[in-house]
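Here the structure comes first, spelled out in structure tokens, and everything after it is commentary.
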Amino acid sequence: MQHLHREIEALKKELIREAGLVETNLNDSIKALTMRDHDMAKEIISRDKIIDELEVEVEEECLKIFALYQPVAIDLRYLIAFLKLNNDLERIGDLATNIAERAASIALKPIVEIPEQIPKMTGLVQKMLKDSLDALVDMDGEKARSVMLQDDEVDSLHHSMYATVGHAIKSDPDNVELWMEIQAVSRYLERIADHCTNIAEDVEYMVHGEIQRHQGLTN
């Protein structure tokens, strides 16, 4: 049993390492977008391979523990949650790379005013990711719950982007591709928020053994 607990603790550390890389890539991709830094964006894209490799390693380690120890009760709950967390982290990493790809392209196009929804969504999403990862490290169910309650605001901002971008395209038809790329950034941010919510739900599951998905959380 002690061997199993050591393996689970080591696995948690690897997940936290992966999470740190994902958080860095997201923050840097936003920075590349706002600073119109083409070189930074390209460098972020090249780093995604490291996250992909780590995701595979964590999954393989989870499966090895299942095979060797056949865990039950809370240990089984942790491993199931780790597998799901691992997948969400990898997807956030992919979406951060997508933002970096759009940033690289936008940096080479005419300068336009970025709609106010993008920086608002960015701040919310960065906080959601940080809080969900803090909840994972500290096994803090209350912090995880606070993350779940922030998702609706991100969704609302994303939905309002359609009208904003539609109006911008009518006013600036020469830059349709640019405006569509800005809309894509909004979509990527909204999807990252969904994955942060998933992480928070999985932390809640680890802490309390309750599945929060589709529960209609309210303040």
Counting residues that are among the β-branched types (Val, Ile, Thr) and over 21 Å from the mean Cα position of the chain (by Cα), which helices (runs of 4 or more DSSP H) fully inside the range 54-167 reach at least 2? 73-106
Could you list, in sequence order, the residues of the range 51-74 that are farther than 16 Å from Ala19 by Cα and either crowded, with 17+ Cβ neighbours inside 10 Å or touching a Gly at 6+ places or on another chain (Cβ under 6 Å) (or both)? Glu61, Cys62, Ile65, Tyr69, Pro71
Residue check for Glu177: outside any loop (DSSP other than H, G, I, E, B) and within 22 Å of Leu26 (Cα to Cα): no
Log entry, pairs with first residue in the range 138-151 being β-branched (Val, Ile, Thr), second being at pLDDT 90 or above and surrounded by 19 or more Cβ atoms within 10 Å (Cβ to Cβ), beta carbons closer than 7 Å, six or more apart or on different chains, reads Val147/Met128; Val147/Asp131; Val147/Ser132; Val147/Ala135; Val147/Cys196; Val147/Thr197; Val147/Ala200
For the range 179-207, how many residues meet the condition of being buried (at least 20 other Cβ atoms within 10 Å of the Cβ) and either of a type in the set (Lys, Arg) or out of contact with any helix residue (DSSP H, G or I) (no Cβ under 6 Å at 6 or more places or on another chain) (or both)? 2
Give just the number: which of (1) among the basic types (Lys, Arg); (2) farther than 30 Å from Leu178 by Cβ; (3) free of Cβ contacts under 8 Å to residues at least 24 places away in the same chain does Lys31 not satisfy? (2)
Would you say Met40 is closer than 20 Å to Cys196 by Cβ, aliphatic (A, V, I, L, M) and out of contact with any strand residue (DSSP E or B) (no Cβ under 8 Å at 6 or more places or on another chain)? no
Flag if Thr34 is of a type in the set (Val, Ile, Thr) and within 21 Å of Asp194 (Cβ to Cβ): no
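What do you reckon, is Ile45 within 27 Å of Leu83 (Cα to Cα), in a helix (DSSP H, G or I), in contact with a Ser or Thr (Cβ under 8 Å, 6 or more places away or on another chain) and not small (Gly, Ala, Ser)? Give the steps one after another, and end with the answer.
Details: within 27 Å of Leu83 (Cα to Cα): yes; in a helix (DSSP H, G or I): yes; in contact with a Ser or Thr (Cβ under 8 Å, 6 or more places away or on another chain): yes; not small (Gly, Ala, Ser): yes.
Yes.
The values are calculated or read from the model by the stated rules, or taken from the named source; none is laboratory data. Keep in mind it's a predicted model, so treat the numbers as computed, not measured. Cβ sites come from the backbone with ideal geometry, for glycine too, and all protein chains shown count toward neighbours.
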